[in-house]
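Below is one structure, written out as structure tokens; the observations come after it.
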Amino acid sequence: MKKIFRYSFSLSLLLLPLLLTAQEADTVQAPKSVSMGFDITGPVLYALDNSGYNYEGHLSYRLNYKYYLVCEPGFSDYNYEQYNYEYKSHGWFVRIGTDIGMLAPVASKIDHFAGIGLRYGLSVFEHETPAININNYWGEVNTSIPANTAHAHFLEIQGSIKTKVFRNVLIGWAVKLRTLVYSSARKEKKALYIPGMGLNDSSVTPAFSYYIIYRIPLGNSSGE
């Protein structure tokens, strides 16, 4: 718990200058909009290495020029094998939070985005170890750990850029850092991979996404 507190406090200090910048006055007319899209990195990585797949959507609502409400649902299936070990994990996840734009309030940039994102993530999944092979002085032992349902909570910070390529069509990418807050998986059944978060082998898990997004304008409203 102390480590989580120290990490959260350090993260807050790093974000403070950005959040203060985001609160500057914005006088540009910014139409509210709803955006729908998907992350193509999961299918691309699956085509290159079929050890698992990740399907992830992107939904956002633009409140004004700077602030967006974001929901990212998805499903993940992960398989790992080596000569004496096999592990499987699959389940659904959702990340909710906000994006905060950092571009200057200039009308020519209204269809583009560069800023930070903050997310809370929830993952519900099933994981198992179908095969464990141990060779030692006394001989060979074959065992397994049966399937177990678990849930996990994690936090994410990201930096992202999105730009318009056609009318109401945007592409963009995001670099993300995630940290686990809680997992219901017991120590003897530690979740090695958590859908929506990634590999659970360090205190901070990096990730990358590449988005294709379609934006639906809802009308005009004054920026705040």
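For this structure, a couple of remarks:
- Our analysis of region 33-218 gives Rg over Rh at 1.08, with the two radii drawn from alpha carbon positions and Rh computed by the Kirkwood formula.
- Local net charge near residue 120, Cβ-Cβ under 14 Å (Lys/Arg +1, Asp/Glu -1): +1
Bear in mind these aren't lab numbers, they're just calculated from the coordinates by the rules spelled out. Predicted, not measured: the structure shown is a model, and the values here were computed from it. Counting neighbours? That spans all protein chains shown, and the Cβs are built from the backbone with ideal geometry, glycine included.
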